[in-house]
Structure formats: structure tokens, C-alpha cells
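Visitor: So that we are looking at the same thing, I have put the structure below in C-alpha cells.
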Amino acid sequence: MGSKPKLYQNIIEHFTALTDEGKLKPGDRIPTEQEIAEQFGVSRITVIRALRELEYRGMLVRIKRKGSFIRDDYASGGAAVQGNSGQSRLRIIAVVLPFGEEYGLDILQGVEQFCAGQGYYVTYHNTGYSLEREREVLLRLLEDNISGAIVYPCASDRNIELFGSLMIRRFPFVLIDRTLEGLDIPCVVSDNYQGGQLITQHLLQLGHRRIAFVCTRLKEAVSIMDRYRGYCKSLIDAGIMPRSEWLLEDEEGMAAECDDSPSWQLKLAKERLARALNGKEKATAVIAINDNSAVYLLKAAQEAGVKVPEELSIVGFDNLSFVAMLDVPLTTIEQKFTLQGREAAAMVLRLCGEENPFREADKITLATELIVRQSSGRPHE
């Protein structure tokens, strides 16, 4: 009587048969170790032994925190994702963002909604606005041989050589929210110019004539510059000359000193508020570059005894969910973050099968919307 096959061999034979029959194709992810253990009624140790054997035979590639995938060069035919060199890629789309706040989760949700219907898995990577971390993440993703990436760059004028290198190597990726200076890369962005106009026109209609614009570095992101351009255009259309003292821009190098803690952000907001209210013709309204900045300005105004909106109107940009529930609900511009994610996912998947993903730089621009709440009112003269 022949001996019974060892338990781990049953797992090996199972996945070998699935690949031979074309039911598992290059780039496909197999179930988790726990799922396989439950399916075969064995321990995870047995599953791990089987997967290691399959990896040794060249069938699987195991990627930390992502799972185990059928190697792109193991099976022939099927519906593998073909790279521009003809090499199959793993069916993974990476989302690389410099933050993890609410709008990052909304973007990620939009990407996952679209990719799930196309048979792709999504991974998320937070660079924390670190240029070095951004470089490390993107180069590692390139080595992992994934299908493509959706990237929110740390800055519009940094790591240009990195993104240029990815283009030369024809790695499919698209940008979201902000573009890169000098590089024509497919992207999905909000109409930041329109948003800058809408929020400024709202304040002008209320009667404001001295409107400050608070931001980090104008050159940090094309999106910031576009909002500022919309602000300036609306002032000029109203017969008001934009003034340099109304631009409350962070000094060069200040970002390197910032630790992004609430105490630091509040300190920064207090300095910005003092600059806005300095001099004879102090500002009667302040446009913050985003909702988070606006929230700290509201807190700084409260601590300084400045009433909002009676003495100073403060408005933001993004329409994060919590700003409607502040003590003084925030007037702001809404961006469609989930839609951005879906459109970016559709765009990057279209690029995956192209020989040269950067032959044409498609650009999708999504409209913004003014959301009026209680933080803006008529100026108090």
C-alpha cells in the first residue's frame, strides 16, 4: 500500500492544478495563509511550508504585507497584465500619498471602488511629505513589478529626476491633485483656479476689500499657485489691486523646522493672524489654503479675542466633514476626493497596457463647489 501524500503536498498539487488549468494566471493573488489553512483543515505551519515550496519552484512570489502572487513568468497565456516590455506585472495598483487625513481616505476609497471591479488589488503608502521617503517608496514599487501607481507628489518642484526616471522606464503612473513642473504626466486634479475665484468672489460679494491669502510656499504646489491666481484674478476683476502684504506665505525653509504637531500649527496660525491684522488697513477676511489651516486660524482668532465672522471672516478649501460641526462652521470650497480617486484609477489602468504610457499626457479637471457656512460674513468697519 502506498503512503498517503503529506498534507502540504495537497496544497502544492491544488495550486499547481489551478495554474495548469488557467484558473490562476500570472499576477493573480492566492488566498491568505489563514484562508488556505481553513480550506484544507491544516495548520498555518503546514501552509507556510507549502507556499515556501511553491516559491522555491518559481510559481509564487511573496511580497511583505501584500500577499502571495503567481509569478509573472510562471504560466503562459491567460490574462496576465502585460508591461510595456511584454513582461507581466502583478495586478496591484499602489496609491502613494503624503498624508493620511480624511481626504486621503476618500481618494483611496475611490481608487478601491474602481480597481475592485477590474480585478486589481490596491496598496497604500504614506510618504509623510518626506522627499526621501517618496523616492524610497516609488523605487521599491518599481522593483516589485506592480501594474502601476497613483501618486500625490510631496511638492511640484521636487524629485523631478525621480519622476523623469519612472517615465523613461515607462512605469505606468498618474498624478493626483498636483502636477510636476516641466513634466507632462497624466493627471487628475481639481479646478483650483476656479476654486480660488469662487471663494474670493464670495468674500467680495459680502463687501470685503482687504482679503489676505494664507499658504505655505506658493511654489510648493501648482495647486497652491492656481488658487492664488484665481484669488488675484477675482480681485483685479473687482478693481482691487492685489498687495504683497496680503500674501501670507511661509518663509523658505520653514517647512523643515515644522514638526506638524498641533502646538506648532497653532503657533504658526497665531503668527499668520498677527500678520493679517497688522497695520492700518488690516485684513477683514482671510482665505486659508486648506481646511486644516483654517481650523488653526479659527482657534488662534478665538484665543486672541477676535470674533469670527463679526470682526474677521475665515474661509478654507477642501470641505472636510468635520468643518461643518465646528463652533463656527467653516465656509469652504469642496473638492471631490472620491471622484478624483475613481478617475485616477481608470486612467492608470488605461495606461497599463500601452507601450508608452506617456505618449500623451491626459488631464482630467474636476469642478469645485462653494460651501457657505457661518465663518464668513459682512465686514465690520
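The values are calculated or read from the model by the stated rules, or taken from the named source; none is laboratory data. Computed from a predicted model, the values in this text were never measured in an experiment. Cβ: placed from backbone, ideal geometry, glycine included. Neighbour counts: every protein chain shown.
Visitor: From the list S190, S165, S234, which residue is within 20 Å of the chain's Cα centre (by Cα) and not aliphatic (A, V, I, L, M)? Working first, answer last.
Guide: Numbers: S165 fails: within 20 Å of the chain's Cα centre (by Cα); S234 fails: within 20 Å of the chain's Cα centre (by Cα).
Result: S190 is the single residue among S190, S165, S234 that is within 20 Å of the chain's Cα centre (by Cα) and not aliphatic (A, V, I, L, M).
Visitor: What pairs can you find where one residue is in the range 209-228 and free of Cβ contacts under 8 Å to residues at least 60 places away in the same chain and not assigned by TED's automatic domain parsing to the domain that holds Y152, the other is among the small types (G, A, S) and buried (at least 21 other Cβ atoms within 10 Å of the Cβ), and their Cβ atoms are less than 7 Å apart, with a gap of 6+ or different chains?
Guide: Qualifying pairs under 7 Å: D226/G196; Y228/G196.
Visitor: crowded, with 17+ Cβ neighbours inside 10 Å and of a type in the set (D, E, K, R), is that true of K336?
Guide: It is true that K336 is crowded, with 17+ Cβ neighbours inside 10 Å and of a type in the set (D, E, K, R).
Visitor: Name the residues in the range 99-145 that are part of a loop (DSSP other than H, G, I, E, B) and surrounded by 20 or more Cβ atoms within 10 Å (Cβ to Cβ), would you? Lay out the reasoning, then the answer.
Guide: Of the range 99-145, the ones part of a loop (DSSP other than H, G, I, E, B) are 99-101, 118-120, 127-130, 144-145.
Those that are part of a loop (DSSP other than H, G, I, E, B) and surrounded by 20 or more Cβ atoms within 10 Å (Cβ to Cβ): Y120, T127, N145.
Visitor: Tally the residues that are surrounded by fewer than 17 Cβ atoms within 10 Å (Cβ to Cβ), closer than 19 Å to I176 by Cα and small (G, A, S), restricting the search to the range 204-248.
Guide: Residues meeting the conditions: 0.
Visitor: Could you pull out the residue among S321, S313 that is at pLDDT below 95 and among the polar types (S, T, N, Q)?
Guide: Just one listed residue meets the conditions, S321.
Visitor: Test C232 against the stated conditions and say whether it is under 15 Å from I287 (Cα atoms) and modelled with pLDDT of 95 or more.
Guide: Judged against the criteria, C232 is a match.
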